[in-house]
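To start, the structure under review is shown below, and the notes come after it.
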Amino acid sequence: MATIKDIAQKVKCSTSTVSRVLNYDETLSVSDDTKKRIFEVAEELSYSKKRGKKSLTPKIAIIHWYTEKEELNDLYYMSIRLGVEQRCQEERLELVKIFKDNYDELEKENIQGMIAVGKFSSEEIASLNKVTPNIVFVDYDPDNERYDAVVVDFEKATKKVLDYFTSKGHERIGYIGGRETFRDASAEIVDEREITFKQYMKERDDESYVFTGSFTVDDGYSLMNRAIEELGEELPTAFFVGNDTMAIGCLRALHENGVAVPERVSLIGVNDISVSKYVYPALSTVKVYTELMGETAVGLLMERLLRRKVAKKVTMSTKLKLRKSSK
């Protein structure tokens, strides 16, 4: 595993700065560019696969539903993007990066295919399709009869966490997660983690403690504070958190309120972003193979460009990684 010192040497800043950025220390004054570089290097050093090079040279675009600044608050999508970029570099593919705030640039490029990372409404998809029908969606499956997709089985991932908690004797289990809408605000997006959690608890005839906001550090922090204030002594002994970024905020709230982790509250997040190894205590999480998702998307797009007509959907497995924040 890469150390904080390794990251600091590559970024050319102090180990203290790296540590505080990885822990989302709000008192640190540092530019977004530096934060971005630290997060990217942390991901890159965790990703060391090597592949042979090939000679295809089509021009493809990676389309983000986030802005670059928003990406810093949800490293899940950054990790997918780095997997796409790495595979494109190995395959010698020309890649154009288009973030949410510069979609207009897409029509200026001669694009043969695109990888759409995130969730897009039907109207947005129609606009992308006008540029090229060769689209692979990552983390979303809008139409498996028409488009390729790379997704995660979050239903199974959620059950892994809840099965683990119940096997350890936890009877009061909470969920802290996010809700999202399409960028054009046309609809709210269904989240499998929240739905599966509620169904699981209902089947056990257990009370469902659910707190939702957005998938950010700040909302993880505020929602856990709300849970502590509202539930008091009835605070669940275990929380499943919708992503690692939120879980970092939850950890901070628990620490500030003197709630011992994992002695009083066990915590498990989702994604296994590189940052999860560096927080205290090290975060238990469900590993999502984000870099492989990016790689796989590039492979599917290459097949499309070689005239495959039948749509493919690839569902990635996950793995429960237990560290110090759960027992």
Complete set of residues in segment 163-212 that are at pLDDT 95 or above and among the aliphatic types (A, V, I, L, M): Ile173, Ile176, Ile195, Met201, Val210
Just checking, does segment 23-31 include any residue being modelled with pLDDT of 85 or more, under 29 Å from Phe182 (Cα atoms) and not assigned by the TED database to the domain that holds Val96? yes
Can you tell me which residue in segment 304-319 is farthest from the chain's Cα centre (by Cα), limited to those that are in contact (Cβ under 8 Å) with a residue 60 or more places away in the chain and open to solvent by 50 Å² or more (accessible area, probe 1.4 Å)? Lys312
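Residues are listed down the side, and each one gets a yes or a no for (1) open to solvent by 20 Å² or more (accessible area, probe 1.4 Å); (2) more than 21 Å from Gly249 (Cβ to Cβ):
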{"site": "Asp153", "(1), (2)": "yes, yes"}
{"site": "Lys156", "(1), (2)": "yes, yes"}
{"site": "Lys159", "(1), (2)": "yes, yes"}
{"site": "Ile176", "(1), (2)": "no, no"}
{"site": "Arg179", "(1), (2)": "yes, no"}
{"site": "Glu188", "(1), (2)": "yes, yes"}
Per-region count, segment 232-244, residues touching a Gly at 6+ places or on another chain (Cβ under 7 Å) and either of a type in the set (Lys, Arg) or not in a strand (DSSP E or B) (or both): 4
Is it the case that some residue within segment 66-85 is part of a loop (DSSP other than H, G, I, E, B), within 22 Å of Glu303 (Cβ to Cβ), of a type outside the set (A, V, I, L, M, F, W, C) and open to solvent by 40 Å² or more (accessible area, probe 1.4 Å)? no
Anything in segment 196-217 that is out of contact with any strand residue (DSSP E or B) (no Cβ under 7 Å at 6 or more places or on another chain) and in contact (Cβ under 8 Å) with a residue 40 or more places away in the chain? List them, or say none. Thr196, Tyr200, Thr216, Val217
Only one of Asp141, Asp148 is open to solvent by 20 Å² or more (accessible area, probe 1.4 Å), among the charged types (D, E, K, R), at pLDDT 95 or above and not assigned by the TED database to the domain that holds Thr216; which? Asp141
Can you tell me which residue in segment 188-228 is nearest to Pro142 (Cα to Cα), limited to those that are charged (D, E, K, R) and assigned to a loop (DSSP other than H, G, I, E, B)? Asp191
Extreme residue, nearest to the chain's Cα centre (by Cα), among residues of segment 215-224 that are open to solvent by less than 40 Å² (accessible area, probe 1.4 Å) and over 22 Å from Gly169 (Cα atoms): Phe215
Restricting to segment 108-123, name every residue that is open to solvent by 10 Å² or more (accessible area, probe 1.4 Å), of a type outside the set (S, T, N, Q) and either assigned to a strand (DSSP E or B) or at pLDDT 90 or above (or both). Ile111, Lys119, Glu123
Before we move on, is Glu94 touching a Cys at 6+ places or on another chain (Cβ under 9 Å), open to solvent by 40 Å² or more (accessible area, probe 1.4 Å) and either at negative phi or not assigned by the TED database to the domain that holds Gly242 (or both)? yes
Tell me, which residue of segment 253-294 that is in a helix (DSSP H, G or I) and without any contact (Cβ under 8 Å) to a residue 60 or more places away in the chain is most open to solvent (accessible area, probe 1.4 Å)? Glu256
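The values are calculated or read from the model by the stated rules, or taken from the named source; none is laboratory data. Just so we're clear, the structure is a prediction, and the values are computed from it rather than from any experiment. In this analysis, Cβ positions are derived from the backbone assuming ideal geometry, glycine residues included, and neighbour counts consider all displayed protein chains. To get the accessible areas, we keep the full protein, side chains included, count just its heavy atoms, and leave off ligands, DNA and RNA. Shrake-Rupley method; radii C 1.70, N 1.55, O 1.52, S 1.80 Å.
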